[in-house]
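**Q** Attaching a single structure in structure tokens format; questions to follow.
The values are calculated or read from the model by the stated rules, or taken from the named source; none is laboratory data. Everything quoted here is computed from the prediction, not taken from an experiment. Positions of Cβ are generated from backbone atoms using ideal geometry, with glycine treated the same way; all protein chains shown enter the neighbour counts. When the accessible area is computed, the model is the full protein with side chains, heavy atoms only, and any ligands, DNA or RNA have been set aside. Shrake-Rupley method; radii C 1.70, N 1.55, O 1.52, S 1.80 Å.
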Amino acid sequence: MASKTQDDTRYADFIAEVAEWEGVWGLYHNGWLLQTNDAGEKFCPIFALRDEAKSFAASVQSDHVPTAITLVELTESLMVQWRAEDIMAGICPTQALPAIVVSPDQLSNDLMAALKDVMDERFGNQS
């Protein structure tokens, strides 16, 4: 999983919530909101909850609005574009805390593992 401080559970919470809901929220207005962190990495902020996305949009005073993204759309469209354009995923930034920046590959791997766990819980291990 992504590197972060021990007391910051945003990434783990994000993965669990997204696997359960099977979607994320991004901020859209004539394109997805992109930002750059202190390390110079370009990232697209994404959120597990609509209210988190709405709050962040207000804090950065943007015309972007919370928009639902299915996991299929995220993995088969957005992440493909991000890889091609060297864009990272910015997990759950807030006004007080920076985004947890992870590669599309890391996010995809963590989401697939979490989805497998959710499916095993719901339907039992079929293997």
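**Q** Please state which of the following conditions D120 fails to meet, knowing it meets all the rest: (1) open to solvent by less than 60 Å² (accessible area, probe 1.4 Å); (2) assigned to a loop (DSSP other than H, G, I, E, B); (3) free of Cβ contacts under 8 Å to residues at least 24 places away in the same chain.
**A** Only one criterion is unmet by D120, namely (2).
**Q** Give region 74-98 a look and list any residue that's among the small types (G, A, S) and in contact (Cβ under 8 Å) with a residue 12 or more places away in the chain, or say none.
**A** A89, G90, listed by residue number.
**Q** I'd like the full set of residues that are closer than 15 Å to A19 by Cα and buried (at least 17 other Cβ atoms within 10 Å of the Cβ), limited to region 101-117.
**A** If the condition is that a residue be closer than 15 Å to A19 by Cα and buried (at least 17 other Cβ atoms within 10 Å of the Cβ), then L107, S108, D110, L111, A114 are the ones that fit.
**Q** Where in region 1-108 are there helices (runs of 4 or more DSSP H), lying wholly inside it, with at least 2 residues that are farther than 28 Å from E121 by Cα and hydrophobic (A, V, I, L, M, F, W, C)?
**A** Values: elements: 10-21, 50-59, 79-85.
Output list reads 50-59, 79-85.
**Q** Let me ask something additional. Taking the condition within 15 Å of the chain's Cα centre (by Cα) and under 20 Å from D8 (Cβ atoms), does L78 pass?
**A** No; evaluated as a whole, the condition is false for this residue.
**Q** If we keep just the residues of region 11-49 that are acidic (D, E) and over 13 Å from L115 (Cα atoms), which is most open to solvent (accessible area, probe 1.4 Å)?
**A** The selected residue is D38.
**Q** Name the residues in region 38-53 that are hydrophobic (A, V, I, L, M, F, W, C) and more than 11 Å from C92 (Cα to Cα), would you?
**A** Within region 38-53, A39, F43 qualify.
**Q** If you scan region 71-100, which residues turn out to be open to solvent by 80 Å² or more (accessible area, probe 1.4 Å), under 20 Å from E20 (Cα atoms) and in contact with a strand residue (DSSP E or B) (Cβ under 8 Å, 6 or more places away or on another chain)?
**A** none
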